[in-house]
Amino acid sequence: MNRPYKIFYFNIVEIALALAVIGIGIAGIMTLFPVALNASRDSVGDNNAPLVAEEMLTYIEARANAETDVGWTGSGIIGQLPITKPNNSPTAVNEVPFDAAHNINGTNIYMVNNSLYGILLTSTNAGGQEVTDFSAIIRVWKQQIPAGSLYIEGNMVPSAALGYQYGADVFVEVSWPSEKPYGQREKRVYMLELFNPNLS
């Protein structure tokens, strides 16, 4: 003899509890997405910043060595660099126009003046559209080579005689992304000690 089965349905309380548990789980997972996106963005910046700094410093070194300002104290790129980091405004956004008028010979470098540059790295997506991978603002300045670190023909150059005609410590600050105000950007500073090859 078959016993009749009694069908039990979920009641509204059980459904509400199940939805609450699912909702808490989804909310927990969703909180991980911004963390992952920020980590991915930071990693792209940390990978690109030293490459950008190297490109910028190589450009400055090449220009300094090729110019007629052999003493590095006049109108050449080293002579025109400021001796302190250029001023910035905490509200400044996109300080460098990324357009053809400011582009340097088809490179990734865009120039406003001798101390303010921008770098724009782009790629083409699957749909054939150009997308921005990394955009950064670069501030450049110089300092004198520290006393006691420069020798010419085995003789240390005295601190009183040091000047930019011998060389310079060139500093590059990379801040990104450019579309954020300066105070909210990630920043890294790099330095290259350049010696004047034209000095006889």
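Laboratory data are not the source of any read-out in this text; all were calculated from the coordinates shown. In this text the structure is predicted, and so the values were computed from the model without any measurement. Note: ideal-geometry Cβ built from the backbone for every residue, glycine included; neighbour counts use all protein chains shown.
If the chain between Ala18 and Lys180 were fully stretched, how many nm would it gain, using 0.36 nm times the residue separation less the Cα-Cα distance? The partial results should precede the final answer.
Numbers: separation 162, 0.36 × 162 = 58.32 nm, distance 4.22 nm.
Once the chain is fully extended between Ala18 and Lys180, it gains 54.1 nm.
Placing unit charges on each Cβ (+1 for Lys and Arg, -1 for Asp and Glu) gives segment 12-195 a dipole about its Cα centre, and among Gly106, Phe134, Ile145 the Cα reaching farthest toward its positive end belongs to Ile145.
Derived scalar couplings between HN and Hα for segment 186-197 equal 6, 9, 9, 10, 10, 9, 10, 8, 9, 10, 6, x Hz in order, rounded to whole Hz, by the Karplus curve 6.51 cos²θ - 1.76 cosθ + 1.60 (θ = phi - 60°), x for Gly and Pro.
Cβ-to-Cβ counts within 10 Å put Asp133, Asp169 in ascending order as Asp133, Asp169, the fewest first. Whole-Hz Karplus values for segment 11-20 come out as 9, 5, 5, 5, 5, 5, 5, 5, 5, 5 Hz, taken residue by residue from phi with 6.51 cos²θ - 1.76 cosθ + 1.60 and θ = phi - 60°; glycine and proline positions read x.
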